[in-house]
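Student: Quick one: the structure is below, questions incoming.
The values are calculated or read from the model by the stated rules, or taken from the named source; none is laboratory data. If you're wondering where the values come from, they're calculated on a predicted model, not measured in any experiment. Please note: Cβ atoms are built from the backbone with ideal geometry, for glycine as well, and neighbour counts cover all protein chains shown. Just so you know, the surface numbers come from the protein's heavy atoms only, side chains and all, with ligands and any DNA or RNA stripped out. Shrake-Rupley method; radii C 1.70, N 1.55, O 1.52, S 1.80 Å.
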Amino acid sequence: MTIKLVEPKATAAGDRRRGERRLEFAHAWDYAPAPEAVDHVKILPRYELFIDGKWQAPEKGRYFDTLSPSTEQKLSEVAEASAEDVDRAVRAARHAYDRVWSRMKPLERGKYIFRIARIIQERSRELCIVESLDGGKPIKESRDFDVPTAAAHFFYYAGWADKLGYAFGGRPVSALGVAGQIIPWNFPLLMAAWKIAPALACGNTVVLKPAETTPLSAMFLAEIIQEAELPDGVVNIVTGAGATGAALVAHPDVNKVAFTGSTDVGKRIQKALAGTGKKLTLELGGKAANIVFADAPLDQAVDGIVNGIFFNQGHVCCAGSRLLLEESVHDLVIRKLRDRMATLRVGDPLDKNTDIGAINSRMQLEKIKELCAAGEAEGAERWSPPCELPAKGFFFAPTVFTGVAQSHRIAREEIFGPVLSVLTFRTEAEAVEKANNTFYGLSAGVWSNKGARLFKMATQLEAGVVWGNTYNKFDPSSPFGGYKESGFGREGGRQGLAAYLHVD
Amino acid sequence: MSERRKTGAERRRPGADLEPGSEPADPLARLAVKKTWKMYVGGAFVRSESGRYLVTADGVDNYPWASRKDGRDAVTAAQAAQKGWAGKTAYNRGQILYRLGEVMEGRRAELALSLERAGESQPEREVDAAIDRAISFAGWSDKYQSLFASSNPVAGPHFGFSVTDPMGVVVIAAPDRPALLGLVGSICPVIVSGNVAVVVVSEVDPITPLILAECLATSDLPGGVVNLLTGKRAEVLPHLAKHMGVRALDLWDLTGDDAVKLEVAAADNVKRVTRRSLELEAWYDETRGGSPGNIERFLETKTVWHPMGA
Amino acid sequence: MHPIASGGGPAERGTLPPPGPTPPIDRIAVEERAAALGKRSIKKATKVAGLKLAISMMDLTTLEGADSPGKVRALCQKARTPEPGDESIPSCAAVCVYPTLVPVAKKALEGSRVRVASVATAFPSGLSPLSVKLEDTRRAVELGADEIDMVIDRGAFLSGQYQRVADEIAQVKEACGEAHLKVILETGEIGSYDNVRRASDLAMHAGTDFIKTSTGKIQPAATPPVTLVMLEAIRDFYYATGRRIGMKPAGGIRTAKQALHYLVLVKETLGDAWLTPDLFRLGASTLLNDVLMQLKKEASGAYQGPDYFSKD
């Protein structure tokens, strides 16, 4: 027996023609603005350099503004560290290493780091506001991801401090000395945590240079470090741009350089360190494939696609920027994706309902626009949901390119923005080939309901992180880092200790 | 094209004076069959594409003088072999390395004689250590994973683990001495995990490495997994260091500006570079020369996440 | 064509019109998404509008063995005028009762727009012969029910007799006549999101007007992720057939905050067209007072106490 479809009733009137079928995500019940209250956060008009446990003015007396990318308003000004200032910071770090930190009982070292974790948790509210103000990311992300994960990272590595002898199968280990660390603007506080926590746990002292567009949360972290009574000079923070970073890399008394940022700068650092014997770890760019098979849980895959590319405005080195769809579900997934994108809320980073905040800087916005123009010129089809962007500030609508070929620039170059390039494949082998056909190798996603396929794909993908039926998950216990030109060394987990130790 | 050439027969003939013309050849003596030494690339024994050759220090043997293009061919051969080699089971790779030890044992005398000719004072000791090193790393093939992998206790409903992957093509500048132990000790930890190697061997003793090549060739090791080049490091390495298909450099005992230049060139595709030295005795030390850390240096870590819950 | 496993007799074997293979659901991801939507900040005017919308979508429910005419009349009064004296508060969508109490409700709701919904088909187990279920349905409609909330036979569903489940729904739908049909999947008993999706597809293809999560008698009842899975099934069905199926989470929805969470799920999954009582209902017995308290709080600025709201 076959069930016949019952004719629709008035209330469930069907749209007869397929073309008429579409969902409206407009204003039937609109969310009122829900801005996070910011009055309890005190941002100083000016920040000095944090050297030897004290705020110290830069030698040359130069300062630069840090803007809110969502309003283009000046938030504060911070010191620009010269080579002399960097030298001062490295000397403070060396002194602290020789006199205190290398002599301290490992468990005591760990206890300081635990303290930092706890104070970050305690001050999480203001930290997430500062992070969103200065960097433009949605408050829900700084609140639910950046700040708690930063605290978790300190908490995790704090526990390693007295266990290093067990970490490498009993092989003897020792600290390196002074670590120079340069971090990017996409996850300012979290990247500071990724760098500082393992360095300290392994017994090193630190000179950290935050990115010039997002220095503020590091200034708050300096306050936290003071509050934790960390011995002077164990962590020093020098603000500045490329020249400051270069001075730190070039400093002869730095034993270790850790860098997260673009592949271009990473290569320059690697060259600069040639022959110095300094230990180097690099976490660079990516152009990850997010691969969706026809048998995947497609609605959840769409969530993963959205999270993969629009999380933090796509300013994520492991962003799933290349969507590889099995050709048989291409149209279906694109339809679902467009419906989902139509609900994304672009705007004020401090609004609790904002899904996509501000692009970090005008420069980055220009780069995104340039690559999108290239995508159109090369013949890919561009689509964005209807969305009103704020008049002020740096904003970019979530964008999908379909009909992208492997040779297009938007399929090869890292855009570092909310721009997704969609390609198709027919077989598993083709998916792997396309996914690996890049000089990057940071991450990949695979969506399939077939366990055997997931394991095989995970084995074949040349990527430091493979997310199966999920995307953009991070944990302090989970090593993160790239293959190929996405860098070397790992952050997170036991493996992350190797970056900060001599291991015999 | 080359310096004056002397035959092995001349040297081995009892009482032979190395000065030419000092004694007439014995017309009834058996003439030894002299080996044409060849490099080992892609599983084949080849001359340099350049047609050039060098002569050993004792003036007895000729051997190929590898060119930039030989380096390129070796990388191509290695790339072709990589997938298959990495795709073998760890058990299988272990058996092949063990087989290498067996074959070396069978040619123990030949290897020792060659080392002796190159001036090693304790050639048997070095051969024994080299064989044992191969056997030791054979045993690591299915064990290092347990050391370097992890199950990651992530704070959420996901199952997370990290495993290791080989990097791909690794270029090894083998130490001059110990020519055999240093070679076996640097190759085995690189290939045991599924990497493939392009090796520029000792300049002091290129012949023993080429005997090792014959061992490699008869050990069930697929062609291209190990490629041995003889010649001048300073000539070949710069090209290998900037080859975009090479993933890592393992540079032994290199110093000075040339080594710095290699590191600079390596940055063009973010190669992993290891520069190190071991004193001669340390090569014999199992905890140092035989450390699994030598395997770990040429591994990538891959972290995999999957939700738990259906 | 989608093959249907059959545990029934030969006469019951057959195929459904194409529901297609049931798409798999990933538990962790769907729960994450549902939780994320629960973090939407709904304040001030949005909150007031949302709460009023929620009242208008409410199926005020009493399904106790002790239900009496008096109890039902009180409930009907509450449904007509949830907050006497405040014209801005809409009436509820329906009152949901057992069949024998339908005439009481019908009479109490005369002249209002509140509809009468009746459970039927051997509620809550669904384990009676089909003829009894059909008779149950016909009687409820004859007694005046505008809407029928039926339960599926979970035993049949879990033992793979999908055709039988579909047939029953189709026949109950026929027995409903002009009355609207809501099919209760009892998601707390069918074990997985995959099954929730399968049962949703089955019910929609068999002709239901609404799909509904739960009877309220089994825990867990409605949850945001279960609702999200069903909303996604509705979305796919709409694209495939052009028909808009309604959704009703029921059971366990007690607070205004939960109600708003469900509205967010609808808004961001199916969009504007579904934000109406015609296509979305909330089945609840104690939710209304919390919603009224929240509305009062928004209007007065003072947090409210339970004694200021009638318990019916």
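Student: With an 8 Å Cα cut-off and a minimum separation of 6 or more residues, compute the relative contact order for chain A in percent.
Tutor: 17 percent
Student: Give me the percent of Cα-Cα pairs in the stretch B:38-307 that sit more than 23 Å apart, rounded to a whole number.
Tutor: Value for the stretch B:38-307: 49 percent of Cα pairs lie more than 23 Å apart.
Student: Then there's this: How large is the charge dipole for the protein assembly as shown, taken about the Cα centre, if only the Cβ atoms of Lys, Arg (+1) and Asp, Glu (-1) carry charge, to the nearest 20 debye?
Tutor: For this selection, approximately 980 debye.
Student: Do any trypsin sites (Lys or Arg not before Pro) in the stretch A:375-458 lie in a loop, going by DSSP, with at most 10 other beta-carbon atoms within 10 Å of their beta carbon, and if so which?
Tutor: A:Arg426
Student: Shifting gears a bit: Quick one: pull the percent of accessible area on the stretch B:80-197 belonging to carbon and sulfur, 1.4 Å probe, ligands and nucleic acids left out.
Tutor: The value for the stretch B:80-197 is 53 percent carbon and sulfur by accessible area.
Student: Tally the DSSP beta bridges in the stretch A:289-468 and give the antiparallel ones as a percent, rounded to 5.
Tutor: Among the beta bridges of the stretch A:289-468, antiparallel pairing accounts for roughly 10 percent.
Student: Further question on the same structure: What does the convex hull of the alpha-carbon atoms of the stretch A:46-284 project to on average, in nm²?
Tutor: 12.1 nm²
Student: What percent antiparallel are the DSSP beta bridges of the protein assembly as shown, to the nearest 5?
Tutor: If I count the DSSP bridges inside the protein assembly as shown, around 30 percent turn out antiparallel.
Student: Tell me which trypsin sites (Lys or Arg not before Pro) from the stretch C:84-152 have a DSSP coil assignment and no more than 16 other beta carbons within 10 Å of their own.
Tutor: Passing both the DSSP loop test and the Cβ count: C:Arg113.
Student: Would you mind giving the total buried accessible surface between chains B and A, with a 1.4 Å probe and ligands, DNA and RNA left out, rounded to the nearest 100 Å²?
Tutor: Values: alone 14840 and 21510 Å², together 33390 Å².
By this definition, chains B and A bury close to 3000 Å².
Student: Which of the peptides C:65-72, B:26-33, A:240-247 is most tightly packed, and how do the rest follow, judged by the mean count of other Cβ atoms within 10 Å per residue?
Tutor: Numbers: C:65-72: 12.9, B:26-33: 8.2, A:240-247: 19.9.
So the order, starting with the most tightly packed, is A:240-247, C:65-72, B:26-33.
Student: Another question, if that's okay. Could you state the angle between the C-alpha long axis of helix B:256-266 and the longest principal axis of the C-alpha atoms of chain B, as a value from 0 to 90 degrees rounded to the nearest 10?
Tutor: 50 degrees
Student: Using protein heavy atoms only (no ligands, DNA or RNA), what is the total accessible area buried between B and C, 1.4 Å probe, nearest 100 Å²? Numbers along the way, then the final one.
Tutor: Details: alone 14840 and 13670 Å², together 28080 Å².
Looking at B and C, the buried total is near 400 Å².
Student: In addition: In debye, nearest 20, what is the charge dipole magnitude of the stretch B:38-307 about its Cα centre with +1 on Lys and Arg Cβ and -1 on Asp and Glu Cβ, if you could check?
Tutor: I would put it at about 1040 debye.
Student: Can I ask one more? Using Cα pairs under 8 angstrom and six or more residues apart, how large is the relative contact order of the stretch C:134-207, in percent?
Tutor: Dividing the mean separation by the residue count of the stretch C:134-207 yields 39 percent.
Student: So, one more: For chain A, what is the accessible area per residue in Å² when the probe is 1.4 Å?
Tutor: Working: 17680 Å² over 504 residues.
It amounts to 35 Å² per residue over chain A.
Student: Okay, next question. Over the stretch A:46-284, what is the mean sequence separation of C-alpha contacts under 8 Å (at least six apart), divided by residue count, expressed as relative contact order in percent?
Tutor: It comes to 26 percent, rounded to a whole number.
Student: Need one number: buried accessible surface between chains C and A, 1.4 Å probe, both sides summed, DNA, RNA and ligands left out, in Å² to 100. It would help to have the intermediate numbers written out before the result.
Tutor: Numbers: alone 13670 and 21510 Å², together 30570 Å².
That pair of chains buries around 4600 Å² in total.
Student: Let me ask something else. Longer than 28 Å from Cα to Cα, which of A:Lys137/A:Lys287; A:Lys352/C:Lys296; A:Lys456/C:Lys212; A:Lys54/A:Lys140; A:Lys473/B:Lys88 are they? Say none if no pair is.
Tutor: Long pairs (Cα-Cα over 28 Å): A:Lys456/C:Lys212; A:Lys54/A:Lys140; A:Lys473/B:Lys88.
Student: Treat the protein assembly as shown as a sphere of radius equal to its Kirkwood radius over Cα pairs and apply Stokes-Einstein at 20 °C in a medium of 1.002 mPa s; give the translational diffusion coefficient in µm²/s, rounded to a whole number.
Tutor: Using the Kirkwood radius from Cα pairs, D works out to 64 µm²/s.
Student: Between C:Ala120, C:Ala105, C:Ala273, where does the largest GNM mean-square fluctuation fall for chain C, given springs only between Cα atoms within less than 10 Å?
Tutor: C:Ala273
Student: Continuing with the same structure: Where only protein heavy atoms count, and the probe is 1.4 Å, what is the accessible area per residue for chain B in Å²? Show your work: numbers first, answer last.
Tutor: Values: 13170 Å² over 310 residues.
Averaged over the residues of chain B, the accessible area is 42 Å².
Student: In addition: Restricting to DSSP loop positions (anything but H, G, I, E, B) with no more than 15 other Cβ atoms inside 10 Å of their own Cβ, which GluC sites (Glu not before Pro) remain in the stretch B:222-307?
Tutor: B:Glu279, B:Glu286
Student: Just from its helices, what would the mean residue ellipticity at 222 nm be for chain C, if runs of 4 or more DSSP H residues each count -39500 (n - 2.57) and the sum is divided by every residue, rounded to the nearest 500 deg cm²/dmol?
Tutor: Values: 11 runs with 135 residues, N = 312.
Calculated mean residue ellipticity at 222 nm is -13500 deg cm²/dmol.
Student: Please figure out what share of the DSSP beta bridges in the stretch B:38-307 is antiparallel and state it in percent, rounded to the nearest 5.
Tutor: Approximately 50 percent, going by the DSSP bridge assignments.
Student: Here's another thing I want to ask about it. Taking the Cα centre of the stretch A:289-468 as origin, work out the dipole magnitude from +1 charges on Lys and Arg Cβ and -1 charges on Asp and Glu Cβ, in debye rounded to 20.
Tutor: Its charge dipole is roughly 180 debye.
Student: Which entries of A:Lys42/C:Lys267; A:Lys369/C:Lys47; C:Lys52/C:Lys182; A:Lys434/B:Lys271 show an alpha-carbon separation above 26 angstrom in the structure shown?
Tutor: A:Lys42/C:Lys267; A:Lys369/C:Lys47
Student: Using Cα centres only, tell me the gap between the stretch A:348-403 and the stretch C:171-238 in whole Å.
Tutor: Taking the Cα centre of each part, the stretch A:348-403 and the stretch C:171-238 sit 39 Å apart.
Student: For the stretch B:77-132 and the stretch B:179-254, what is the centre-to-centre distance using only Cα atoms, to the nearest Å?
Tutor: Cα centroid of the stretch B:77-132 versus Cα centroid of the stretch B:179-254: 12 Å apart.
Student: Among A:Val346, A:Gln300, A:Val329, whose Cα sits farthest toward the positive end of the charge dipole of the stretch A:289-468 (+1 at Cβ of Lys/Arg, -1 at Cβ of Asp/Glu, about the Cα centre)?
Tutor: A:Val346
Student: Give the residue from B:Phe298, B:Thr274, B:Gly156 lying farthest towards the positive end of the charge dipole for the stretch B:38-307; charges sit on Cβ (+1 for Lys and Arg, -1 for Asp and Glu) and the dipole is referred to the Cα centre.
Tutor: B:Gly156
Student: Sticking with this one: Go through A:Ile116, A:Ile415, A:Ser443 and say which Cα lies farthest out towards the positive end of the charge dipole of chain A; charges sit on Cβ, +1 for Lys and Arg, -1 for Asp and Glu.
Tutor: Ranked along the dipole, the leading option is A:Ser443.
Student: Still on this structure: Need one value for B:159-166: mean number of C-beta atoms belonging to other chains within 10 Å of its residues' C-beta atoms. Kindly include the intermediate steps, with their values, before the conclusion.
Tutor: Details: counts 1, 8, 2, 11, 3, 1, 8, 0.
Counting other chains' Cβ atoms within 10 Å and averaging over B:159-166 gives 4.
Student: Short version: which residues of the stretch C:26-41 lose at least 20 Å² of accessible area, all chains versus chain alone, 1.4 Å probe?
Tutor: SASA drop of 20 Å² or more in the stretch C:26-41: C:Asp26, C:Arg27, C:Ile28, C:Ala29, C:Glu32, C:Arg33, C:Lys39, C:Arg40, C:Ser41.
Student: Quick one: with all protein chains in place, what share of the accessible area of the stretch A:114-202 is carbon or sulfur, to the nearest percent (1.4 Å probe)?
Tutor: Of all accessible area on the stretch A:114-202, carbon and sulfur atoms account for 57 percent.
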